[in-house]
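These notes are about the structure you will find just below.
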Amino acid sequence: MERITRKELFYPSLIIIGIAAIAYLPFITQLGFYRDDWYQIWAGTTQGSYTLIKMFSIDRPALGILYALTHKLLGSNLIFWQLFAFFTRVIVSIDLYWLLQLVWPEQKKPCLIISSLFLIYPGYLEQPFADTSINLFIAYGLSLFSIMMSLYANKARKTIHQILFITLAIITGFLYLLIFEYLIGMEIVRISLIFLIDQKNQKIKKDPDRVPRIIKQLIPYAALLLIFIVWRLFFFKNTKCLRTKNLPLRDK
């Protein structure tokens, strides 16, 4: 992996910001609250932020805390929600570009194209749902950052740096899983990229102890995944599933 310099990240970031501005800003003042945004904004405004925590405690408690924090920050001001959603999309797309450059440093244009497509897809179909989409993009961003820290940990030569990057990877990895457990497939992306980077390094310098080394690298993330799965399946009581299970068939 090549080092990502400030210059290599600065100009692509400007391009991503420019594309986002063209795609999302021209009619941003004409947007409102839609679909799931309504009941969350209503609950937070009329009954307080704690209500949002209580609402999501039955299946995704971390998501409720995140909703409460964002509502505390933005209130019910529509333009604040839309602008915050805009900046969240931009930051996550830059995050993706950074990650792609770590894996394919020689493919700058394709990495920028992929990040730009991620930025605008699915475009206007999802843009207006600011309250709902912000938390999803925050979870995306945490997952991408966690994977990025894993790659930096593999690259680091000093033990202190390895510990720092692995710690950041585990913390952000656990956070994104707590917010949206269905993003667990990102752990497959993490493992695949670690193997890919190792394969590229093998072409430069053969390592006879490759398999034990990769297993050692994956141990912290395997432990993270195992702890989360055990907690989610055996310790966390998903009362939403219990309620649905006990409903008559016609009410499900």
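The values are calculated or read from the model by the stated rules, or taken from the named source; none is laboratory data. Here the structure is a predicted model, which means the values were calculated and not measured. All Cβ positions, even for glycine, are placed from backbone atoms using ideal geometry, and neighbour counts span all protein chains on display.
Things to note:
- Residue count for the stretch 77-124, restricted to those that are small (G, A, S) and farther than 17 Å from L136 by Cα: 1
Matching residues to (1) closer than 30 Å to F236 by Cβ; (2) of a type in the set (G, A, S); (3) in contact with a Ser or Thr (Cβ under 7 Å, 6 or more places away or on another chain):
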| residue | (1), (2), (3) |
| --- | --- |
| D37 | yes, no, yes |
| M55 | yes, no, no |
| D59 | yes, no, no |
| L73 | yes, no, no |
| S76 | no, yes, yes |
| F87 | no, no, no |
| W104 | no, no, no |
| P128 | no, no, no |
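- Total residues in the stretch 161-190, condition within 18 Å of L142 (Cα to Cα) and more than 16 Å from the chain's Cα centre (by Cα): 4
- Of L226, L177, L168, all but one fail to be loosely packed, with under 13 Cβ neighbours inside 10 Å and under 30 Å from F56 (Cβ atoms); the exception is L226.
- Scanning the stretch 5-13 finds no residues that are surrounded by fewer than 17 Cβ atoms within 10 Å (Cβ to Cβ), farther than 27 Å from I114 by Cβ, more than 19 Å from the chain's Cα centre (by Cα) and basic (K, R).
- When the criteria are applied in full, I188 meets the requirement of being surrounded by fewer than 18 Cβ atoms within 10 Å (Cβ to Cβ), part of a helix (DSSP H, G or I) and out of contact with any helix residue (DSSP H, G or I) (no Cβ under 6 Å at 6 or more places or on another chain).
- So S143, is it buried (at least 22 other Cβ atoms within 10 Å of the Cβ), farther than 15 Å from I16 by Cβ and touching a Leu at 6+ places or on another chain (Cβ under 9 Å): yes
- When R213 is tested against the conditions (1) of a type outside the set (A, V, I, L, M); (2) surrounded by 11 or more Cβ atoms within 10 Å (Cβ to Cβ); (3) at pLDDT 85 or above, the lone failure is (3).
- Residue among L112, L99 that alone is closer than 25 Å to L175 by Cα, modelled with pLDDT of 90 or more and assigned to a helix (DSSP H, G or I): L99
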